[in-house]
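**Q** To start, I am sharing the structure in question, which I have written as C-alpha cells.
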Protein chains: 2
Amino acid sequence: MTKTPYKIGVVGVGEIAKNQHIPSINRNPDFEFAAGVSRHQKTEGVDNFTAIEDMISARPDIDVVSLCVPPQVRYGIAWAALEAGKHVMLEKPPGISVVEVESLARFAEQKGVTLFATWHSRYAAAVETAKNWLADKKITDVKIIWKEDVKHWHPGQTWIWQAGGMGVFDPGINALSILTHIMDVPFHLQEADLAFPSNCETPIAAQLKFAGNDALSLTADFDWRQTGPQHWDIYVQTTEGEVHLANGGNDMLIDGKAHFSADNAEYDNIYARFAELLKSNQSDIDLMPLKHVADAFMLGKRSVVEAFEE
Amino acid sequence: MTKTPYKIGVVGVGEIAKNQHIPSINRNPDFEFAAGVSRHQKTEGVDNFTAIEDMISARPDIDVVSLCVPPQVRYGIAWAALEAGKHVMLEKPPGISVVEVESLARFAEQKGVTLFATWHSRYAAAVETAKNWLADKKITDVKIIWKEDVKHWHPGQTWIWQAGGMGVFDPGINALSILTHIMDVPFHLQEADLAFPSNCETPIAAQLKFAGNDALSLTADFDWRQTGPQHWDIYVQTTEGEVHLANGGNDMLIDGKAHFSADNAEYDNIYARFAELLKSNQSDIDLMPLKHVADAFMLGKRSVVEAFEE
C-alpha cells in the first residue's frame, strides 16, 4: 500500500457523491480526492474521465476508488477496478444480487486488495450507543417504521424503479443494516407483502414479518408514499426497557426519553473506517442486509397498486 | 453417534416420501425406517405421529430425521429436530429464505449434529461424469432448458403456488443445483423475467440471463406450461466440444452422441451420501442454488400472465 494520503477516484458523480462522499473525502487527511469518473458530470479541480478504464490507464497513481453509481452497473465497474489492483469502496446496496457481491469479495481476496461494502446508516451517530446498550439485554419485540416521501428524497432517480433498483428497499435496507448490526440474536424473514405500482418494476411499499427464536416479534413497515411527517424509526423492546433509534439512527431514546443525539456524520465515519481498513489491509463485506431483501422478494406476496407518477 | 443402522423418522409423508425417500431408506442397510410423521398419512409397519415433538418424546432412539414437508414449514420442524439433538436431512429447496437456512446451519454446528441440505438432481446418474469431463475445459456458453407440464408433475400441490413455494423455480432450482455443481467458474444473475399467473403468488415461467467473466454466456429458460415433449436439458459448450446433460442429468451426450446413461438412482445416492456424512460427523449445506433463486426474485422483472387453473 502506498502511504497516505491515499489518492482516490470517485466513480458516479451524482447527488450522493457531491453532497456526501466528496465533502467527507476532502475533510479526511488520509485521502486526496484525485479524479471523478462520470458520463456527464465534471468535477472542478480534479481530473475527469468518462469511464473507469480511462482513469486506470491515465492515472496509475490512483489506487483507491469509491463507487457511487447505481447498483445495476456497480459489478462491472468494481470488477474492472479490482482487476487493476485498486482498493474499492461500494455505496449501498453493494449490488443487485447476493451472488455478484460474493463474487467481488472472492476476487478482492485473490487480488489482495481491500473491498469495503458500506452501509452508511450503520455509521449514524447513535447506532453504536444503541448496540452497546442492547448487548446485555433480552430483546422481545422490534418494530421498524421507515416511511418517507420518495418524490421529495429521490426526485428523478429512475433507476430505483427499474429491476435491480429495489424500490422502497433502497431506503429500507438502511434500517435492516442498522438492525442486523445492533442485534446479536439472529432472525430471518417469515412473511412479506410487497406493493408494486402498476407502472414500476420495483415495490413502493413493503410489510415484513421476521421470526427469531424465543418468540421474538419483529416487523418492518417500509413505505415511500409518506407525506407529512417522515419516519426513520426503530423501536427495540427489551425486558429492561425500550430503545428508540430515531431520525435514521442519529437520535436514541430510552423509554421515550432522550438518551443520546449527535449531528449526522455518517460519511465522515465511513471514510475514517475505510482508512482503517486500507491501513490494516482488511476488507469489510457483510451481506446480511442484502440477503434479507433478496429473501423478501423470494418469499413475498405481491400486490399491484396505483401507478407512480413523479 | 449410535451404530448403524441409523433409526430414521420421515417427516412429511407425501408423494416424494412414499415414492422416493422411504423406498431408498428401505434399500439402504445403513438405515432402519422407524417412524412416519404426518398430519394425515399413516405408514404401515412403523410408528406414526402427527407432530415431530410427539416422535421426539415417544422414540428417543430415533436420532435421524428426514424432512419431506413443503419448504414453508420446514424451518420450524428442522429447528425442533436439531434442538433435540437429531441429525437432519432437508429435501430441496432447504427453506423459503436464504437466511433461515444459514440459521439452521449455525444451529446444527452448535449442536454438533449433521445437517444435509440435499439437491437430489446433483445425484442424477450422469452428473459426476459431466463434471469430470468439464473439469479441464473452458466453458463458453451454457443453455438450460427446463420445461415441464405442471399439471402432470405437480397435481394438487397448492403450496408451490403460495408465497415461498417458488413456483417454476421448484423444478428450476434442480437445474441450477446441477450447474453450480458441474461448473468450476463462478457466475451470477444479471437479468430475469418472471411470469406470474394472475391468480398465483409464484411464477409459472422464468427466463434468466447470467454473467460470468471472460464473456461467458449463460441462460436458463424455465417453463411450467409445457405440453408435449418435456425438457430437462443443460447444454454446456466448451472450446473442445459440447456436453448435453439430458433427462434431468441422467443422460450425457458429447457433441450430440450418447456418452453415458444410467437409470435414475438419485435418492439411493442421496441416502448413501447421508450415511457417509453421519459416519464422518459432517454437514453438507450449499446454498448457492437458493441464492440464485433469491437473486432472480430480487432483480427480476415481473409480468402477469393468464390465470392458472388446474
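**Q** Of all beta bridges DSSP finds with both residues in the protein assembly as shown, what is the antiparallel percent, to the nearest 5?
**A** Bridges in the protein assembly as shown that DSSP calls antiparallel: roughly 50 percent.
**Q** If you restrict to DSSP beta bridges whose two residues both lie in chain B, what percentage is antiparallel, to the nearest 5?
**A** Around 50 percent of the beta bridges assigned by DSSP in chain B are antiparallel ones.
**Q** Convex hull over the Cα atoms of segment B:1-142, averaged projected area in nm²?
**A** 10.5 nm²
**Q** B:Q110 to B:R273: extension gain in nm, 0.36 nm per residue of separation minus the Cα-Cα distance?
**A** Contour length minus Cα-Cα distance gives 56.5 nm.
**Q** Lysines within cross-link reach of B:K137: Cα-Cα under 25 Å, excluding same-chain residues under 8 positions apart?
**A** Answer for B:K137, where 25 Å is the Cα cut-off: A:K111, B:K209, B:K257, listed by chain and number.
**Q** Please label the shape of chain B as rounded, prolate or oblate, based on the square roots a ≥ b ≥ c of the eigenvalues of the alpha-carbon gyration tensor (a/c under 1.5 means rounded; beyond that, a/b larger than b/c means prolate, else oblate).
**A** Verdict is prolate for chain B.
**Q** Run the dipole for segment B:6-117 about the Cα centre, Lys and Arg Cβ at +1, Asp and Glu Cβ at -1, nothing else charged, and hand back the magnitude in debye, nearest 20.
**A** Approximately 180 debye in magnitude.
**Q** Also, I was wondering about something else. Which percent, to the nearest 5, of DSSP beta bridges fully inside segment B:6-117 are antiparallel?
**A** Here the antiparallel bridges make up roughly 0 percent for segment B:6-117.
**Q** If all Cα-Cα distances of segment A:221-310 are sorted into 10 Å bins from 0 onward, what percent lands in each bin, rounded to whole numbers?
**A** 12, 24, 35, 25, 4, 0
**Q** How large a share of the accessible area of segment B:1-70, in percent, is made up of carbon and sulfur atoms when the probe is 1.4 Å and the other protein chains stay in place?
**A** With neighbouring chains kept in place, the figure for segment B:1-70 is 47 percent.
**Q** Right, something else. For the pair B:N19/B:S217, report the inter-label distance in nm, with labels modelled 7 Å from Cα in the Cβ direction.
**A** Rounded to a tenth, the inter-label distance reads 3.6 nm.
**Q** Take every Cα-Cα pair in the protein assembly as shown and report what % of them are more than 40 Å apart.
**A** So the portion of pairs separated by more than 40 Å is 32 percent.
**Q** Run the numbers for A:Q282 and A:V305: contour at 0.36 nm per residue of separation, minus the present Cα-Cα distance, in nm.
**A** Full extension from A:Q282 to A:V305 adds 3.8 nm.
**Q** Can you list the distances in nanometres, one decimal and ascending, from the A:D149 label point to the identical position in each other copy, with the point 7 Å along Cα to Cβ?
**A** Sorted ascending, the copy-to-copy spacings read 5.6 nm.
**Q** Averaged across A:188-198, how many Cβ atoms of other chains sit within 10 Å of each residue's Cβ atom?
**A** 3
**Q** For segment A:94-149 and segment B:3-23, compute the distance between their C-alpha centroids and round to whole Å.
**A** Between the Cα centre of segment A:94-149 and that of segment B:3-23, the gap is 41 Å.
**Q** Turning to a different aspect of this structure: Using only the heavy atoms of the protein chains and a 1.4 Å probe, how would B:D295, A:D255 rank by accessible area, largest first?
**A** A:D255, B:D295
**Q** Beta carbons within 10 angstrom, averaged per residue: use that to sort the peptides B:118-124, A:45-51, highest first.
**A** With the highest mean Cβ count within 10 Å placed first, the list reads B:118-124, A:45-51.
**Q** In addition: Over segment B:138-179, consider all pairs of different Cα atoms and compute the Kirkwood hydrodynamic radius from their mean reciprocal separation; express it in Å, one decimal.
**A** 11.8 Å
**Q** Under a straight-distance cross-link criterion of Cα-Cα below 12 Å, which aspartates and glutamates are reachable from B:K92, leaving out those fewer than 8 residues away in the same chain?
**A** Cross-link targets: B:D170, B:D286.
**Q** Would you list, by chain and number, the aspartates and glutamates whose Cα falls below 16 Å from the Cα of A:K138, excluding same-chain residues fewer than 8 positions away?
**A** Leaving aside aspartates and glutamates fewer than 8 places away in the same chain, those within reach of A:K138 are A:D184, A:D214, A:E240, A:E242, A:D255.
**Q** On average, how many beta carbons from a partner chain sit within 10 Å of the beta carbon of a residue in B:98-111?
**A** 3
**Q** What are the ³J(HN,Hα) values, in whole Hz, obtained from phi via the Karplus relation 6.51 cos²θ - 1.76 cosθ + 1.60 with θ = phi - 60°, for each residue of segment B:172-188 in sequence order, with x given for Gly and Pro?
**A** x, 5, 5, 4, 5, 5, 5, 4, 5, 7, 8, 9, 7, 8, x, 8, 8
**Q** When ligands, DNA and RNA are left out and all protein chains stay put, how many square angstrom of accessible area per residue does the protein assembly as shown have with a 1.4 Å probe?
**A** Result: 40 Å² of accessible area for each residue.
**Q** Hey, if you put +1 on the Cβ of every Lys and Arg and -1 on every Asp and Glu Cβ in segment B:124-263, which of B:F260, B:L176, B:H231 ends up farthest toward the positive end of that dipole?
**A** Result: B:H231, furthest along the dipole toward the positive end.
The values are calculated or read from the model by the stated rules, or taken from the named source; none is laboratory data. Predicted model, so just to flag it, every value in this text is computed and none were measured. Cβ atoms come from the backbone with ideal geometry, glycine included; neighbour counts cover every protein chain shown. We work out accessible area using only protein heavy atoms, side chains counted, and drop any ligands, DNA or RNA first. Shrake-Rupley method; radii C 1.70, N 1.55, O 1.52, S 1.80 Å.
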